[in-house]
Each structure stands twice: as structure tokens, then as C-alpha cells.
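First up is the structure itself, then whatever we jot down about it.
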Amino acid sequence: MHPNGESSDISKQVRALRPAHGGTCFSLVDGRPLFISGTIPGELVDVRVDSRRSKVSYGSAINILEPSAHRVPHIWTEAQAKGVGGADLGHVGLDYQREWKTEVIKDQLARVGGASTLQRVGDAVGEDALRVRPASDPRALNWRTRVDFEVSPAGRLAMKKETSNELVEIETMPLAVESILELGILLDSPWKQYLRPGKKVRIVAPNHGGRRVVIGNQVFNAANRRVTDRADWEVRARGTVEKFSVAASGFWQAHVSAPADLVELVLDGARVQEGDAVIELYAGAGLFTKFLGRELGPRGAIVSIEGSKEAVGFARQNLRGVEVDRDLRFGRVNSKSIMRAWSDLGERPYAIVLDPPRSGAGQDVINAIAAVGSSRVVLVSCDPAAGARDLAGLFDAGYQLESFNALDLFPQTHHVEMVSVLTRK
């Protein structure tokens, strides 16, 4: 039975045709699109159809009849056996994972952004620029400094099955850094006394401080003692080391080298000089803000906008000692807040930097960026479809692409990070 109660059915000898956004492969059965998880383009598989919608179906490969040369033993056999998400490309060789993501980026640029968007990107930077590159720390496993779970009715750490709310207990997590695994919280341990059914659990391993375990609204250190909701990080970029404090329960890039890798790309793209003005959107706890502030200097100015009050509080702490005229604002990022930031800045910013959530910036924000008319825009996108949509909007607003970088900051998953740098025509 499916999670929705319908009887499952099997489609025999289905050819997986191409990668699709979301970690599945596109195929056709009786002329109807079928998206299959657990397979690789070119493979011939039997498929259990898990759900049907009006025009498409979704299924899972259950027999691999003609395996791809890119197939490897799954890196997380427990998750594969239990149907848990989190490593949806774990059966794919790492080099081909990056080829897979490159094809998805091209597909989304054309499908979501429109054929002209893919053409404009190709004309501006060449097709080779779309190739997904490894992070500066290219490890395939043990790269996650932050992992999230829920507590099962039996009081064990659990994750949800893919496309379901059913919880499955987990004893292994090969993507987590070793210092997280060494806590022993995935097994029977002293932590069990704190694990109440239904609670959310986050485990964080900062690189400049002790590990943190967030259970519900309580935060513990590695010795099971209650501590404040804070995690301390160091980021080495631009030949310097900057320190950051963020909420352990809040957002910070999960990959070990993601903060530094993204800072380098953003600063390369913004090309700010001392005395310039910048607007930053979705600024979080000030990762880019602090490095930008150092480059702008005391004669420069930066206005940032962030929707989490807690993150803005940490950003203000993190920028202490940075000599730059700054206004770190809490509020929604929309056309109204962007136009107010421009007005209060008192000049047209040289650059706008934005790192929107997975859903992207959206047309309202893109229109406001176009109205401000900064010389440079640096767009950080963590979803290829949203990134393609935002790029198309910026192209239509008169911007042209100067550079494009795609980084594999989520090995073994379908996720990929893109940094697009645009200039005003």
C-alpha cells in the first residue's frame, strides 16, 4: 500500500531517460511522464508507482535490469532500505553526480527561465561555466556540520520517509561530520533521557566552539549541560579569519567549506572598493555583510535586510569592530523595504547582493532591484529552478551575465548552489 492508501502497481522495463530536478529521472510510460527515484539515466528498471497526479506519476526503481556504469553501492544503506530522504543520489558515482546536476541546471534554465535564458547564459559565459565543481573541501561523506531529526514514539532519532510523514528510526548518518557522530546520540546513550516523542532535534558541530544539541527549545553542550542558543564559527577567506556567532537553532551553511567558498565567490562578484555603497538582501547573521564591510571600509556604507530578528541581532554582534557605515535591518525583503533602503542609503548602491531562500527572490524583489539599478548584482541561488526564474527576471530588467559558478555543496543529494554575477547594460 502507498502512504495514501492506494494499492501500488508495477511498471516493467522502464527506460530512465534524463535527470530531473529533485533527484529523480524522467521517463515515459504509455506516453505519460513518470519520475523515478533510485535510478540513473540510461538504466532499464522495474518501477513501483507510488503516486499519480493528473498529468504525471512518481515511482521508485525496485529492480535494476540494466545498471549504469555510474551506479555504485549506496553510501547510506540504512536510508536506502528504509526509504528515507537525505541522500537521493547516494547510488550515483560522485563525478557523475556533478554531471547530473549540471544537466539539471541547463534543463531548469531552459524549462523555467525559458530557452532565451539558457541561450543568454551560454552566450555570456560559455557552456563550460555551467559545470558543477566540487567544494574547496571535496569530501564525499562527513561534510554536514548540521543535521536535523525528529524523535520517534519510541524515543529514538528518526527521519521522515520520502514523500511521506511516516517517521523511520535512524542509527547511522554518513553525511554528518565525525564530531557529530562521536556524540553517540544516534544510539542508546545518556542522551536518551532528553528525547521525548515528537520533539525536533538538531545537532551542530561549529568549527570554533563546542558542539551543540538542540532538543525542542533546549540547547545542550556535548556534556549534556544546558547552554545558551549560540554556536561560534570561524571563516577563513580573503587571507583573513573572521569570527561569527549564530543561533545553534538558526541558519548556517551546512557544508564544512561552504561559508568560505561562498564568501570568496560573492566578493569576487561584487568587486566592491573602499568607499562604495552596497545593499544586501536576506543577510542572515552577517556572513557576507562582515566581509563586505571590511572591504568597504569606514568611508563605505552597507544596508542589509533580513527576515529573522534573531539573525539580525547576531549580525549586529558579528559586525562589532568592523569600520563601515552600516544599517542592519529586520524586516521582510520586498519592493517596499528595498526602495526604502535605497532612499536611506542616499545614493545608488554599486552592488546588490542577495541570497534568497529556496523559493527564490521572486518578481517583486527582482523588479525593485531593477529600479535601484546598481552596477552589479550578485545572486546566490540554492535551487536551480528558482535561480533560473530570478535570472530570467534580471535579464528582462536589463542586466547581463558576467560570471556563473555552480558548487557541489551537497554531495550525495540533488541540491546544488549557484552564484550568478550580473552587470547593468
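The values are calculated or read from the model by the stated rules, or taken from the named source; none is laboratory data. All values reported here derive from a predicted model rather than from experimental measurement. Cβ placement follows ideal geometry from the backbone for every residue including glycine, while neighbour counts extend to all protein chains displayed. Protein only, heavy atoms only, side chains kept; ligands, DNA and RNA dropped before computing areas. Shrake-Rupley method; radii C 1.70, N 1.55, O 1.52, S 1.80 Å.
A few points about this structure:
- Carbon/sulfur fraction of accessible area - the chain, other protein chains in place, 1.4 Å, %: 47 percent
- Residue-averaged [θ]222 nm for the chain, counting only DSSP H segments that reach four residues, each worth -39500 (n - 2.57): -7500 deg cm²/dmol
- The chain: antiparallel DSSP beta bridges as a percent of all, rounded to 5: 70 percent
- Placing a pseudo-label 7 Å from each Cα along the Cα-to-Cβ vector at Gln400 and Lys199 gives an inter-label distance of 5.8 nm.
- Partners of Lys425 within straight-line reach, counting aspartates and glutamates whose Cα lies under 18 Å from its Cα and excluding those fewer than 8 residues away in the same chain: Asp123, Asp390, Asp396, Glu402.
- Relative contact order (%) - segment 150-190, alpha-carbon pairs under 8 angstrom, separation at least six: 31 percent
- Most to least packed among 273-279, 212-218 [average Cβ atoms within 10 Å]: 273-279, 212-218
- Per-peptide average of other Cβ atoms within 10 Å, ordering 109-117, 180-188 highest first: 109-117, 180-188
- Relative contact order of segment 90-247, pairs being alpha-carbon contacts under 8 Å that are 6 or more residues apart, as %: 15 percent
- In this simple spin-label approximation, Asn207 and Val72 carry label points 7 Å from Cα along the Cα→Cβ vector, and these lie 2.3 nm apart.
- Rounded FRET efficiency, nearest 0.05, which uses the C-beta distance separating Ser343 from Ser54 and R0 of 56 Å: 0.75
- Sites Asn367 and Val227, calculated FRET efficiency, Cβ-Cβ separation with R0 35 Å, nearest 0.05: 0.20
- Local charge for Glu242 was computed over the other residues whose Cβ lies under 11 Å away, with Lys and Arg +1 and Asp and Glu -1, and equals +4.
- In order along segment 404-412, the Karplus-derived 3J(HN,Hα) couplings, from 6.51 cos²θ - 1.76 cosθ + 1.60 at θ = phi - 60°, round to 9, 10, 10, 10, 8, 8, 9, x, 6 Hz, and Gly and Pro are given as x.
- When the C-alpha to C-alpha distance is required to be over 29 Å, the pairs from Lys200/Lys290; Lys243/Lys309; Lys12/Lys101; Lys161/Lys192 that qualify are Lys200/Lys290.
- Length-normalised contact order for segment 95-152 - Cα pairs under 8 Å, 6+ apart - percent: 37 percent
- A probe of 1.4 angstrom, applied to the heavy atoms of all protein chains, finds Arg52 with accessible area near 130 square angstrom.
- Surface exposure of the chain, expressed per residue as accessible area with a 1.4 Å probe, stands at 43 Å².
- The string of couplings for segment 151-166 from the Karplus curve (6.51, -1.76, 1.60, θ = phi - 60°) is 9, 6, x, 8, x, 10, 5, 8, 10, 7, 5, 4, 6, 7, 9, 5 Hz, one whole number per residue in order, with x for Gly and Pro.
- Charge context of Arg332, other residues only, Cβ under 12 angstrom, K/R +1, D/E -1: +2
- Most to least accessible of Lys161, Lys290 (protein chains only, probe 1.4 Å): Lys161, Lys290
- Extension gain from Thr163 to Ser179, taking 0.36 nm per residue of separation minus the Cα-Cα distance: 2.8 nm
- Peptides ranked, highest mean first, by Cβ atoms within 10 Å: ranges 376-383, 164-171: 376-383, 164-171
- C-alpha center-to-center spacing [segment 187-238, segment 20-62] in angstrom: 38 Å
- Using R0 = 25 Å, the C-beta based FRET efficiency linking Ala115 and Ser136 works out to 0.15.
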